[in-house]
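Encoded as structure tokens, the structure appears first; notes follow it.
The values are calculated or read from the model by the stated rules, or taken from the named source; none is laboratory data. These numbers come from a predicted model, not from an experiment. Here the Cβ is made from the backbone with ideal geometry for all residues, glycine too, and neighbour counts use every protein chain on show.
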Amino acid sequence: MRKKIVAGNWKMNGTYEEGQKLTSEIVNMVKDELKDEVTIVLNPPFVHLQSVKKLIGDSKAIFLGAQNCSDKASGAYTGEISAAMLASFGASYVIIGHSERREYFKESNKELTGKVNQALENGLSPIFCCGEPLEIREQDTHVEYVTQQLTESLFSLSEEQMKKIVIAYEPIWAIGTGKTASSEQAQEMHAAIRQHIGNKYGASVSDDLSILYGGSCKPDNAQELFSKADVDGGLIGGASLKSRDFVDIIKSF
């Protein structure tokens, strides 16, 4: 069965004290209110990794993730963070190719291939983001656009490597805008992504691949989104900064 995954992307938010408070609240709520049926990933800013990992402790439900990694193993790259460094801090996941990284930092599909390879070589599971901007959606070429992202960044992977990937579909036009793709639109894209990967790697790989929805998922729409056949969870932005909202999204399963 595919993993059900809810990952919180804190983005560039939270002081040390705020990060401690948020993590503590989530850990306690998960312990009190949930069974270990959903994989929960907390992706704080780099400076919080150690403190968040310590608060997660030996939880079998909550895992540590990072928001990015370098496509280089090491070297004179001031300000960059390597996948090996993340692994040494106990990270299990890393977000790669988020729409903000693509837009603001001009990360190309080729560069993202390098990041995915570095993550896999260091035992991290990449949460690989893909998605279309509004103009592509309006041109009705969103399926072609997203599948090209996948082809150019991931299709050099072996079958065994692809099994370790998590996909996050982000309708860019629905991130931080208050707009949300309908559950039908989300299902359409998730199904297309699964089929595209299945065409390359076979149904045994694509059927087990977790595909998360990453566009303004909130407590009031999570249950409908997660009920769709090919939606296996969410990559949560703003709502992950509120412990009650984040845990309620997890409980939507």
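When residues of region 53-103 are filtered for being over 17 Å from Ile236 (Cα atoms) and either in contact with a Ser or Thr (Cβ under 8 Å, 6 or more places away or on another chain) or buried (at least 17 other Cβ atoms within 10 Å of the Cβ) (or both), how many remain?
21
Checking the condition touching a strand residue (DSSP E or B) at 6+ places or on another chain (Cβ under 8 Å), modelled with pLDDT of 95 or more and among the charged types (D, E, K, R), which residue from Lys110, Lys115 passes?
The unique qualifying residue is Lys115.
Is at least one residue of region 236-243 touching a residue at least 40 places away in the same chain (Cβ under 8 Å), farther than 25 Å from Tyr145 by Cβ and in contact with a strand residue (DSSP E or B) (Cβ under 6 Å, 6 or more places away or on another chain)?
yes
Taking region 154-181, which residues are of a type in the set (Phe, Trp, Tyr) and modelled with pLDDT under 95?
Trp173
Do we have Ala192 as touching a helix residue (DSSP H, G or I) at 6+ places or on another chain (Cβ under 7 Å) and crowded, with 20+ Cβ neighbours inside 10 Å here?
Answer is no for this residue.
Every residue in region 12-26 that is β-branched (Val, Ile, Thr) and touching a residue at least 12 places away in the same chain (Cβ under 8 Å), please.
Those that are β-branched (Val, Ile, Thr) and touching a residue at least 12 places away in the same chain (Cβ under 8 Å): Thr23, Ile26.
Counting residues that are among the charged types (D, E, K, R), which helices (runs of 4 or more DSSP H) fully inside region 100-162 reach at least 3?
Here the list reads 109-121, 134-138.
For residues that are within 21 Å of the chain's Cα centre (by Cα) and on the phi < 0 side of the Ramachandran plot, tally how many sit in region 3-24.
So the answer is 13.
Could you go through region 194-208 and let me know if any residue there is touching a residue at least 60 places away in the same chain (Cβ under 8 Å), touching a Lys or Arg at 6+ places or on another chain (Cβ under 7 Å), of a type outside the set (Ser, Thr, Tyr) and farther than 20 Å from Asp140 by Cα.
Yes, because at least one residue in region 194-208 is touching a residue at least 60 places away in the same chain (Cβ under 8 Å), touching a Lys or Arg at 6+ places or on another chain (Cβ under 7 Å), of a type outside the set (Ser, Thr, Tyr) and farther than 20 Å from Asp140 by Cα.
Search region 126-139 for residues that are surrounded by 14 or more Cβ atoms within 10 Å (Cβ to Cβ) and pair each with any residue that is basic (Lys, Arg) and part of a loop (DSSP other than H, G, I, E, B) when their beta-carbon atoms are under 8 Å apart and the residues are at least 6 apart or on different chains.
Between residues of region 126-139 that are surrounded by 14 or more Cβ atoms within 10 Å (Cβ to Cβ) and residues that are basic (Lys, Arg) and part of a loop (DSSP other than H, G, I, E, B), the close pairs are Pro126/Lys164.
Looking only at region 57-102, count how many residues are among the basic types (Lys, Arg) and either over 27 Å from Leu150 (Cα atoms) or over 16 Å from the mean Cα position of the chain (by Cα) (or both).
Result for region 57-102: 2.
Please give the number of the condition Ser182 fails out of (1) crowded, with 21+ Cβ neighbours inside 10 Å; (2) of a type outside the set (Lys, Arg); (3) under 25 Å from Glu103 (Cβ atoms).
The single condition Ser182 does not satisfy is (1).
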